[in-house]
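Trainee: Here you go, one structure.
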Amino acid sequence: MITLNTYLNEKNHTSPAIASAVSTIANVGVEISKLLQRGALADIHGEAGNQNVQGEEQKKLDVISNDLLLDALSANSVCAGVASEELDDATPANPNGEVLVLFDPLDGSSNIDINMSVGTIFSILPYQNQGSEVTNNDFLQTGRNQLASGYIVYGPSTMLAITFGNGVAMFSLDPASNEYVLIEEAVKISAATNEYAINASNYRHWLPPMQQYIDELIAGKDGVRGKNYNTRWVAAMVGDVHRILCRGGVFTYPFDTKDPKKPGKLRLMYEANPMALLIEQAGGLATDAVNNILDIEPTDIHQRVPVVLGSSEEVERVKALHA
Ligand code: F6P
Ligand code: MN
């Protein structure tokens, strides 16, 4: 039995600084997991009564999870600063820290109050300005620079997936010991799949190539793809990506014209980039339909991007239709 701490520290998978940051995030994940298990009894349901920088209503658990991560990472000397979905600007920590941590503290917030899967997503970048206090600009690095990324999915059981740029490992939290235990070390996504995830209520707002792609999947055996497909939508990206790491599939939140200020729904720095690294490291692909997600030059810590990720045959088809 290999625990996350053994994996991080004894098997030399990463540097001590990155291991320490991951360990801090994983420990907060245990706390969030316990709160979710108690649910309504822990007073975590409902609205917090304020909005985040993106104008979204914050749930109580969004705020609680954000505060837990912020406090724990700020107290860890390896961390130079953090950026979060729930914070307008980057928060400086130790100016001599080696890493920057970005996170979506509680992904899939609409699932909290209905007792369905949610998650925590994180991305770790190198801090390149050691000695001075971090600013938002320090975080504007492409996804290729990530030293580590991963998520914790709070489902019927709590699981953690992580990459250090050399494959993907998956752990399961043992609630008895509060230890994450390694269950798979070389997660691989099949190239072919017959499952796709998309919120089809936005169909009329998509660009014609995306409409055509979904039309092809719905046509099934009778259409150009020559096989039947099935839809799955968790409404928490962490849940959909977890399913794809487990059994393949394609997930997309594509460009749409609903709101001209938003070229997509998902945020590049703490949703798309960390998931893209995991997916690529498991043999899949991640694109905005044209460019590889990991090559996008960020201009804002909260910028949004269209996302198509998962089994390579499907992602290639989406790219071909958009070319
Ligand atoms: O973080 C944004 C997010 O909650 C994702 O986790 C999820 O995939 C998506 O939005 C759900 O969007 P919608 O509410 O449009 O289905
Ligand atoms: Mn999210």
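Trainee: Hey, could you check the range 144-166 for residues that are within 16 Å of the chain's Cα centre (by Cα) and assigned to a loop (DSSP other than H, G, I, E, B) and say which is farthest from His13 (Cα to Cα)?
Mentor: Step by step, filter the range 144-166, then rank; the result is Gly155.
Trainee: Among the residues of the range 216-230, write down those that are surrounded by 14 or more Cβ atoms within 10 Å (Cβ to Cβ) and either under 30 Å from the mean Cα position of the chain (by Cα) or part of a loop (DSSP other than H, G, I, E, B) (or both). Break it down into steps so the answer makes sense when it comes.
Mentor: Initially, the range 216-230 is screened for residues surrounded by 14 or more Cβ atoms within 10 Å (Cβ to Cβ), giving 216-220, 223, 225, 229.
Listed by number, the residues that qualify are Glu216, Leu217, Ile218, Gly220, Gly223, Arg225, Tyr229.
Trainee: Moving to a separate point now. Residues to consider are Val181, Val153; find the one that is crowded, with 20+ Cβ neighbours inside 10 Å and in contact (Cβ under 8 Å) with a residue 12 or more places away in the chain.
Mentor: Val153
Trainee: A follow-up question, please. Looking at the structure I just gave you, is Met275 farther than 18 Å from Val168 by Cβ, outside any loop (DSSP other than H, G, I, E, B) and at pLDDT 95 or above?
Mentor: no
Trainee: Here's another thing I want to ask about it. Which pairs have Cβ atoms under 7 Å, sit 6 or more apart or on different chains, and link a residue in the range 72-92 that is assigned by TED's automatic domain parsing to the domain that holds Gly55 and within 16 Å of ligand 1 (Cβ to nearest atom) to one that is in a strand (DSSP E or B) and not aromatic (Phe, Trp, Tyr)?
Mentor: Going by the 7 Å Cβ cut-off, the qualifying pairs are Ala83/Leu102; Ser84/Pro105; Glu85/Asp104; Glu85/Pro105; Glu85/Arg267; Glu86/Gln58; Glu86/Pro105.
Trainee: Let me ask something else. Give me the pairs, please: first residue somewhere in the range 32-49 and outside the structural domain of Pro175 (by TED's automatic domain parsing), second residue anywhere and at pLDDT 95 or above and assigned to a helix (DSSP H, G or I), beta-carbon distance under 7 Å, and either six or more positions apart or on two chains.
Mentor: Taking only residues 6 or more apart or on different chains, not a single pair turns up.
Trainee: Also: Tell me, please, whether a residue that is within 16 Å of ligand 1 (Cβ to nearest atom), free of Cβ contacts under 8 Å to residues at least 60 places away in the same chain and loosely packed, with under 14 Cβ neighbours inside 10 Å can be found in the range 109-118.
Mentor: yes
Trainee: How many residues are touching a residue at least 40 places away in the same chain (Cβ under 8 Å), within 12 Å of Leu321 (Cβ to Cβ) and out of contact with any strand residue (DSSP E or B) (no Cβ under 6 Å at 6 or more places or on another chain) if we restrict to the range 191-215?
Mentor: Selection size over the range 191-215: 5.
Trainee: Please go through the range 50-90 and give me each residue that is surrounded by fewer than 16 Cβ atoms within 10 Å (Cβ to Cβ) and in contact with a helix residue (DSSP H, G or I) (Cβ under 9 Å, 6 or more places away or on another chain), ordered by number.
Mentor: Asn50, Glu56, Glu57, Asp71, Ala75, Ser77, Asp89
Trainee: With polar (S, T, N, Q), within 20 Å of Phe122 (Cβ to Cβ) and under 22 Å from the mean Cα position of the chain (by Cα) as the only criterion, which of Gln37, Gln58 stands out?
Mentor: Sole residue among the options that is polar (S, T, N, Q), within 20 Å of Phe122 (Cβ to Cβ) and under 22 Å from the mean Cα position of the chain (by Cα): Gln58.
Trainee: If I filter the range 190-199 for residues that are modelled with pLDDT of 95 or more and at positive phi, do I get at least one hit?
Mentor: no
Trainee: I would also like to ask the following. Of a type in the set (A, V, I, L, M) and within 16 Å of ligand 2 (Cβ to nearest atom): is that true of Val305 in this structure?
Mentor: yes
Trainee: Determine which single condition Pro126 fails, assuming it passes every other condition in (1) more than 16 Å from ligand 1 (Cβ to nearest atom); (2) in contact with a strand residue (DSSP E or B) (Cβ under 6 Å, 6 or more places away or on another chain).
Mentor: For Pro126, the failing item is (2).
Trainee: Which of the residues spanning the range 200-223 are away from ligand 1 (no atom under 16 Å from the Cβ) and either modelled with pLDDT under 95 or closer than 24 Å to Asp259 by Cα (or both)? Talk me through it step by step, then tell me what you get.
Mentor: Step one: filter the range 200-223 for residues away from ligand 1 (no atom under 16 Å from the Cβ), giving 207-209, 211-213, 215-223.
Passing the criteria: Leu207, Pro208, Pro209, Gln211, Gln212, Tyr213, Asp215.
Trainee: Sticking with this one: How about the range 235-279: which of its residues are among the basic types (Lys, Arg), away from ligand 1 (no atom under 14 Å from the Cβ) and in contact (Cβ under 8 Å) with a residue 24 or more places away in the chain?
Mentor: Once the filter is applied, which keeps residues that are among the basic types (Lys, Arg), away from ligand 1 (no atom under 14 Å from the Cβ) and in contact (Cβ under 8 Å) with a residue 24 or more places away in the chain, the range 235-279 yields only Arg247.
Trainee: Could you list, in sequence order, the residues of the range 185-210 that are farther than 12 Å from Thr252 by Cβ and of a type in the set (S, T, N, Q)?
Mentor: Across the range 185-210, the qualifying residues are Ser190, Thr193, Asn194, Ser201.
Yes/no per residue for (1) crowded, with 20+ Cβ neighbours inside 10 Å; (2) more than 18 Å from Ala192 (Cβ to Cβ); (3) within 14 Å of ligand 2 (Cβ to nearest atom); (4) at pLDDT 95 or above:
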site: Trp233; (1), (2), (3), (4): no, yes, no, yes
site: Arg247; (1), (2), (3), (4): no, no, no, yes
site: Asp259; (1), (2), (3), (4): no, yes, no, no
site: Glu271; (1), (2), (3), (4): yes, yes, yes, yes
site: Glu297; (1), (2), (3), (4): no, yes, no, yes
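The values are calculated or read from the model by the stated rules, or taken from the named source; none is laboratory data. Note that the coordinates shown come from a computational prediction; the quantities given were computed from them, not determined experimentally. Please note: Cβ atoms are built from the backbone with ideal geometry, for glycine as well, and neighbour counts cover all protein chains shown.
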